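Below is one structure, written out as structure tokens; comments come after it.
Nothing in this text is a laboratory measurement; each read-out follows from the coordinates by a stated rule. All values reported here derive from a predicted model rather than from experimental measurement. Positions of Cβ are backbone-derived with ideal geometry, glycine not excepted, and every protein chain shown enters the neighbour counts.
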There are 2 protein chains.
Amino acid sequence: MSRIIRVAGAQMGPTQKADTRRHTLDRLIALLETAASGGAKLVVFPELAFTTFFPRWFIADTQELDTYFERAMPNPNVQTLFDRARELGVGFNIGYAELTPEGKRFNSAVLVAPDGTTIGKYRKVHLPGSVEPRAGVRFQQLEKRYFEYGDTGFPTFRGPDSLGRAVLGMMICNDRRWPEGWRVLALRGVELVCIGYNSAAYDPNGGDSEDAGVRTFHSQLVAQANAYMNATWAVTVAKAGNEDGSGLIGGSCIVDPNGRVVAETKSLADEVIIADCDLDACRQGKEKMFNFAAHRRPHWYGPITGQVGATAPE
Amino acid sequence: MSRIIRVAGAQMGPTQKADTRRHTLDRLIALLETAASGGAKLVVFPELAFTTFFPRWFIADTQELDTYFERAMPNPNVQTLFDRARELGVGFNIGYAELTPEGKRFNSAVLVAPDGTTIGKYRKVHLPGSVEPRAGVRFQQLEKRYFEYGDTGFPTFRGPDSLGRAVLGMMICNDRRWPEGWRVLALRGVELVCIGYNSAAYDPNGGDSEDAGVRTFHSQLVAQANAYMNATWAVTVAKAGNEDGSGLIGGSCIVDPNGRVVAETKSLADEVIIADCDLDACRQGKEKMFNFAAHRRPHWYGPITGQVGATAPE
């Protein structure tokens, strides 16, 4: 069994509100086939990959909101992607809006093995945005309204032989900016983190704000440093470009356990990047510099779990 | 009172075992004067700034070991630096080996205000290296032998008006690679983190290892990403160059709350870098993207304080 697995990031260009599911599935399958023809065994797709990033809209009508959610995974509306992946013997990670039988809504991702079995699921913990719509602006960020906080924590999963028995972890979008999530995954042995995202390229309402260059820099910076500090591979994959009048950064990349970008997208469109990820390259970090058992001092980390907000000295 | 404070990083070239304290103090004072003439109000010096990085040697004789330690701070052997700083009205952060009246040894740093009063002290939490010397090699890393783990945790301190009432934090060398320390400082409101380091440029014993380029990249990467994720300024300052036959990286830099390097050294010698740090530039991150009270989910961070080492799934 090889511990070197070929991994792809399948960046998507924008998905407009008016796009049909059939059209989106065709794009996802084309990306999957490109990755498979390049020899990839695992393909990472973006967050909310089947739809536009709908939390930018205030949707008062529950029936309309429901059209963005999947009631099971897989389901007939996504089945062709799952079927094609199994045919090609390629695993994948994909983000979607989840509506559970109990009526709970999550921003979720599923990790599927090359043989079609489900390896794991994850529900986004770090929801950005607000519950109430902001008055007087065209574009919202209503993840806190449409989703509950994820209830899975940050689990890791042992992949199958076909994925080198990699210890796999998942995060979604804003999670990648929070070192706590990475650290919990690393404390559970993670060797490869799959991350999809939709990140604004600028303030769509025209406020004073960072430009796309700084935002793309931030996106890669957190992947690089957290990969290094946790001695893991990371694959971060965007939905990019002008989506329903709002810009999304690209900058999808594959990062090695030294924090170096080994592959990155050049466009804001559908684009596949591929890299051979040697899982044993995590060992140097995990056994030396970041040997947690030898060097961590949790006695002094209490505020991380003991308080939520910041408190400055008088 | 201005919230923009001019800060200097005073990188040192190597300090050889044979160098006299007088010679080293003269260098420190020259760096201080250069920083002051550039208008700096706060100067950050390296870790163990008064001596060579002695943990690279196995020193069996306690009397010899004691010569590297300070029994008080300040003391007659460092007083001229403290006096000159007060004359110039410049605050500073400096690392030293501390021997307490109770006989405890720490890798410490002290933060001194422009008027000469002590703002705070810190004792290094993340000691790298080993307790027992490695057999058959010339160079050791014996911090775990010569020092106790720091017992201060990661406190923050409110600086005086002359430093814009900045919320100040301190870390030492290897601490900067551990996101936990940064996060605890940020949970205590930190706006500027002072860090000194001595970091190997290569394996001095000739083992298979990363080169100085990768190691300098790592040093800057962790400062940049942790400054961004914690919405703080960071000043990281090396002792650099060939010290007693062992190479140390340079790469000292001042990083803004967006994770951008705004000043960095070009040499491996005594060199001062200066930047104007607008403390209010921390506010955007602290109030929006990294508004901890709004977005952190400590319920899922349990393993960070609940376990020391990593445990992978079967």
If you check A:Ala40 against the conditions, is it in contact (Cβ under 8 Å) with a residue 40 or more places away in the chain, within 24 Å of A:Gly120 (Cα to Cα), hydrophobic (A, V, I, L, M, F, W, C) and in contact with a helix residue (DSSP H, G or I) (Cβ under 7 Å, 6 or more places away or on another chain)? no
Do the conditions hold for A:Glu87, that is, is it assigned to a helix (DSSP H, G or I), loosely packed, with under 13 Cβ neighbours inside 10 Å and at negative phi? yes
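Based on what the data block shows, is B:Gly251 away from every other protein chain (no Cβ under 14 Å), out of contact with any Gly (no Cβ under 8 Å at 6 or more places or on another chain) and either acidic (Asp, Glu) or over 20 Å from B:Leu32 (Cα atoms) (or both)? Working first, answer last.
Numbers: away from every other protein chain (no Cβ under 14 Å): yes; out of contact with any Gly (no Cβ under 8 Å at 6 or more places or on another chain): yes; either acidic (Asp, Glu) or over 20 Å from B:Leu32 (Cα atoms) (or both): no.
Taking the combined requirement at face value, the residue does not satisfy it.
One line per residue, one yes/no per condition, for (1) of a type outside the set (Asp, Glu); (2) surrounded by fewer than 23 Cβ atoms within 10 Å (Cβ to Cβ); (3) within 23 Å of B:Ala310 (Cβ to Cβ):
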| site | (1), (2), (3) |
| --- | --- |
| A:Val110 | yes, yes, no |
| A:Gly116 | yes, yes, no |
| A:Gly189 | yes, yes, yes |
| A:Gly196 | yes, no, no |
What number of residues in segment A:11-53 are within 29 Å of A:Met1 (Cβ to Cβ) and assigned to a helix (DSSP H, G or I)? 9
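Looking at segment B:287-297, which of the residues that are of a type in the set (D, E, K, R) and more than 7 Å from chain A (Cβ to nearest Cβ) is farthest from A:Ser209 (Cα to Cα)? Steps first, answer last, please.
Step one: list which residues in segment B:287-297 are of a type in the set (D, E, K, R), which gives B:287-288, B:296-297.
Those left that are additionally more than 7 Å from chain A (Cβ to nearest Cβ): B:287-288.
Details: B:Glu287: 14, B:Lys288: 11 Å.
It comes out as B:Glu287.
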Subset of segment B:177-199 [within 17 Å of A:Trp300 (Cβ to Cβ), touching a strand residue (DSSP E or B) at 6+ places or on another chain (Cβ under 6 Å) and either more than 7 Å from chain A (Cβ to nearest Cβ) or acidic (Asp, Glu) (or both)]: B:Gly181, B:Leu185, B:Val190, B:Val193, B:Ile195
Could you grab the pairs with beta carbons closer than 6 Å, sequence gap of 6+ or different chains, first residue in segment B:151-180 and under 9 Å from B:Val125 (Cα atoms), second one among the acidic types (Asp, Glu) and crowded, with 24+ Cβ neighbours inside 10 Å? B:Ile172/B:Glu47
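Rundown of residues vs (1) under 21 Å from the mean Cα position of the chain (by Cα); (2) not in a loop (DSSP other than H, G, I, E, B), yes/no style:
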site: B:Glu64; (1), (2): no, yes
site: B:Met73; (1), (2): yes, no
site: B:Leu81; (1), (2): yes, yes
site: B:Tyr122; (1), (2): yes, yes
site: B:Phe139; (1), (2): no, no
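Matching residues to (1) more than 7 Å from every other protein chain (Cβ to nearest Cβ); (2) hydrophobic (A, V, I, L, M, F, W, C); (3) buried (at least 16 other Cβ atoms within 10 Å of the Cβ):
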site: B:Phe217; (1), (2), (3): yes, yes, yes
site: B:Met229; (1), (2), (3): no, yes, yes
site: B:Val237; (1), (2), (3): yes, yes, yes
site: B:Lys266; (1), (2), (3): yes, no, no
site: B:Val272; (1), (2), (3): yes, yes, yes
site: B:His299; (1), (2), (3): yes, no, no
site: B:Gly309; (1), (2), (3): no, no, no
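Go through A:Asp244, A:Asp276 for me and flag whichever is away from chain B (no Cβ under 14 Å) and within 30 Å of B:Gly207 (Cβ to Cβ). Break it down stepwise before answering.
Working: A:Asp244 fails: within 30 Å of B:Gly207 (Cβ to Cβ).
On inspection, the qualifying residue turns out to be A:Asp276.
Listed here are the residues, each with its yes/no results for (1) under 16 Å from the mean Cα position of the chain (by Cα); (2) under 26 Å from A:Pro313 (Cβ atoms); (3) of a type outside the set (Val, Ile, Thr).
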{"site": "B:Pro179", "(1), (2), (3)": "yes, yes, yes"}
{"site": "B:Ser199", "(1), (2), (3)": "yes, no, yes"}
{"site": "B:Glu210", "(1), (2), (3)": "no, no, yes"}
{"site": "B:Asn226", "(1), (2), (3)": "yes, yes, yes"}
{"site": "B:Gly241", "(1), (2), (3)": "no, no, yes"}
{"site": "B:Ser252", "(1), (2), (3)": "yes, no, yes"}
{"site": "B:Ser267", "(1), (2), (3)": "no, no, yes"}
{"site": "B:Asp278", "(1), (2), (3)": "no, yes, yes"}
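Mind checking which residues of segment A:2-23 are small (Gly, Ala, Ser) and either surrounded by 23 or more Cβ atoms within 10 Å (Cβ to Cβ) or touching a residue at least 60 places away in the same chain (Cβ under 8 Å) (or both)?
At the first step, the residues of segment A:2-23 found to be small (Gly, Ala, Ser) are A:2, A:8-10, A:13, A:18.
Across segment A:2-23, the qualifying residues are A:Ser2, A:Ala8, A:Gly9, A:Ala10, A:Gly13.
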